[in-house]
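Trainee: Dumping the structure here so I can ask a few things about it.
The values are calculated or read from the model by the stated rules, or taken from the named source; none is laboratory data. These figures come from a predicted structure and were not determined experimentally. Positions of Cβ are backbone-derived with ideal geometry, glycine not excepted, and every protein chain shown enters the neighbour counts.
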Amino acid sequence: DVKVTQSSRYLVKRTGEKVFLECVQDMDHENMFWYRQDPGLGLRLIYFSYDVKMKEKGDIPEGYSVSREKKERFSLILESASTNQTSMYLCASSSGLPETQYFGPGTRLLVL
Amino acid sequence: GQNIDQPTEMTATEGAIVQINCTYQTSGFNGLFWYQQHAGEAPTFLSYNVLDGLEEKGRFSSFLSRSKGYSYLLLKELQMKDSASYLCAVSPREAAGNKLTFGGGTRVLVKP
């Protein structure tokens, strides 16, 4: 079974703090993704990576950065958290064809 | 550009059948996915269609017509646990990363 884990289920941070969200997958998948999900807006892609040290911007990269130093780990960084980054953050990984994405349990982030 | 449309909400009775439609317009096509997402949880993979026709998997079936840019997910013998959001996602033909574009999701409420 594919397993994708995320470092926290719930997180509360203050405006201006630097926030790290960690994602680890154990299936040797090449591709990893970070999404945020908000009511009425669906799943929106922030960044993705198709190889170690490679990253591509998704649809809403502003205010975020990512790091992929090892194949199994993909980190999402909020350099200076803002209240409009309060959201559910979902990590996913995939490999080959079909490109089925497997999701982690999600991190619900509240920025005060 | 990418555009995926599905109804926002549907209500059905336990034991009945519900059909969730999804239409898409994407730049290239590499397959269509359906995911199930219970409230507060991560999406889980249900089905994948790349060729025209019907794929049956137990109580759930998924249909694809590539020429019409249309798919549906059919849920039979509805159970209360089927109350969830159902996400349609398309894999457009991309150079790398196997991105998926998600629709907004259809929330299905199963009533006794």
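Trainee: Does any residue of region A:86-101 turn out to be polar (S, T, N, Q), assigned to a strand (DSSP E or B) and surrounded by 21 or more Cβ atoms within 10 Å (Cβ to Cβ)?
Mentor: yes
Trainee: Starting from residues that are under 22 Å from A:Asp51 (Cα atoms), buried (at least 24 other Cβ atoms within 10 Å of the Cβ) and among the hydrophobic types (A, V, I, L, M, F, W, C), keep the ones in region B:85-103 and report whichever is modelled with the lowest pLDDT.
Mentor: Looking at the filtered set, the residue picked out is B:Leu100.
Trainee: Being modelled with pLDDT of 95 or more, in contact with a strand residue (DSSP E or B) (Cβ under 8 Å, 6 or more places away or on another chain) and of a type outside the set (Ser, Thr, Tyr) is the filter here; which residues of region B:7-32 pass it?
Mentor: Hits for region B:7-32 are B:Pro7, B:Glu9, B:Met10, B:Ala12, B:Glu14, B:Ile17, B:Val18, B:Gln19, B:Ile20, B:Asn21, B:Cys22.
Trainee: Please verify whether B:Ile17 is within 13 Å of chain A (Cβ to nearest Cβ) and touching a residue at least 60 places away in the same chain (Cβ under 8 Å), treating the condition exactly as stated.
Mentor: no
Trainee: Of the conditions (1) within 27 Å of A:Pro98 (Cα to Cα); (2) touching a residue at least 12 places away in the same chain (Cβ under 8 Å), A:Leu41 clears all except one; give me its number.
Mentor: (2)
Trainee: State all residues of region B:97-112 that are part of a strand (DSSP E or B), touching a helix residue (DSSP H, G or I) at 6+ places or on another chain (Cβ under 9 Å) and over 14 Å from B:Gln36 (Cβ atoms); if no residue qualifies, say none.
Mentor: Hit for region B:97-112 is B:Lys111, nothing else.
Trainee: Here's a follow-up. Which one of these is farther than 29 Å from A:Glu30 by Cα, in contact (Cβ under 8 Å) with a residue 40 or more places away in the chain, assigned to a loop (DSSP other than H, G, I, E, B) and of a type in the set (A, V, I, L, M, F, W, C): B:Leu74, B:Leu78?
Mentor: None of the others qualify; the one that does is B:Leu78.
Trainee: Considering only region B:27-65, state which residues are part of a loop (DSSP other than H, G, I, E, B), at negative phi and out of contact with any Asp or Glu (no Cβ under 7 Å at 6 or more places or on another chain).
Mentor: B:Ser27, B:Phe29, B:Asn30, B:His38, B:Ala39, B:Glu41, B:Ala42, B:Pro43, B:Val50, B:Leu51, B:Asp52
Trainee: Continuing with the same structure: Is region A:56-68 home to any residue that is of a type in the set (Lys, Arg), in a strand (DSSP E or B) and within 21 Å of B:Trp34 (Cα to Cα)?
Mentor: So far as region A:56-68 goes, no, none of its residues is of a type in the set (Lys, Arg), in a strand (DSSP E or B) and within 21 Å of B:Trp34 (Cα to Cα).
Trainee: While we're on this one: Of all residues in region B:50-68 being under 14 Å from the mean Cα position of the chain (by Cα) and modelled with pLDDT under 95, which is nearest to the other protein chains (Cβ to nearest Cβ)?
Mentor: B:Val50
Trainee: Would you confirm, using the coordinates I've provided, whether A:Gly58 is within 8 Å of another protein chain (Cβ to nearest Cβ), out of contact with any strand residue (DSSP E or B) (no Cβ under 7 Å at 6 or more places or on another chain) and not charged (D, E, K, R)?
Mentor: In short, no.
Trainee: Scan region A:69-85 for residues that are closer than 20 Å to A:Arg9 by Cβ and either aliphatic (A, V, I, L, M) or part of a strand (DSSP E or B) (or both) and jot them down.
Mentor: A:Arg73, A:Phe74, A:Ser75, A:Leu76, A:Ile77, A:Leu78, A:Ala81
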